[in-house]
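As structure tokens, the structure follows; a few thoughts come after it.
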Amino acid sequence: MKRLILALVLIFVASTTFGQSSDGLSPSSSPAVNNWNNLWNGASWERQRAVNVFKNVNALVITSESTVWTPTSGKKFRLMGMCLTQGVVTGTVTLKDNTAGITILLIPPNTIGTSSCHYLGIAGNGILSAAVNNVLTATGASTETITGFFFGTEE
């Protein structure tokens, strides 16, 4: 009887399709069966990313929209966080997905000379750019500068 139950369980698992992740790289069966590090993004399983790209900025003037991350040609950036110091606290720093693109994050003003770190990849996989070759840009109020770094992946 135990062998019959085990055989039925194995047939069920073998015949059940759990689907593929949104990035096409996750296992075709349940993440628990394969023991991969996957995260649920609300619609599908997605492999967990590890930070491997750092983009430094040093006193970058962001009065007008300035590029802070240009991904390798043919890739998308995945913003997983940043550590920044504002040189002049005049308002919010706006991050956009591509020049004149969609606003993806607003960073509130901080005390001058105090670093502010924001981790978007700790509980998840950060924010993936909408299209290949899009750049990450920052915009601030008059005389705004930022120093620090952005981090994430390119895929």
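The values are calculated or read from the model by the stated rules, or taken from the named source; none is laboratory data. Every value quoted in this text rests on a predicted model; they were computed, and no experiment measured them. Note that we place each Cβ from the backbone using ideal geometry, even for glycine, and neighbour counts take in every protein chain shown.
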Given the conditions (1) modelled with pLDDT under 75; (2) assigned to a strand (DSSP E or B), every one holds for Asn58 apart from (1)
Is there any pair linking a residue in segment 42-71 that is on the phi > 0 side of the Ramachandran plot and aliphatic (A, V, I, L, M) to one that is surrounded by fewer than 17 Cβ atoms within 10 Å (Cβ to Cβ) and not in a loop (DSSP other than H, G, I, E, B), with Cβ under 8 Å and at least six apart or on different chains, and which?
Ala59/Thr147
Could you tell me whether segment 84-104 includes any residue that is acidic (Asp, Glu), touching a strand residue (DSSP E or B) at 6+ places or on another chain (Cβ under 6 Å), assigned to a loop (DSSP other than H, G, I, E, B) and at pLDDT 90 or above?
no
Applying the selection to segment 73-83, what residues are assigned to a strand (DSSP E or B), out of contact with any His (no Cβ under 7 Å at 6 or more places or on another chain) and on the phi > 0 side of the Ramachandran plot?
none
If you go through segment 111-146, how many residues are over 11 Å from Val68 (Cβ atoms) and either among the hydroxyl-bearing types (Ser, Thr, Tyr) or at pLDDT 95 or above (or both)?
14
Asn52 fails exactly one of the following numbered conditions: (1) surrounded by fewer than 14 Cβ atoms within 10 Å (Cβ to Cβ); (2) under 11 Å from Phe149 (Cβ atoms). What is the number of that condition?
(2)
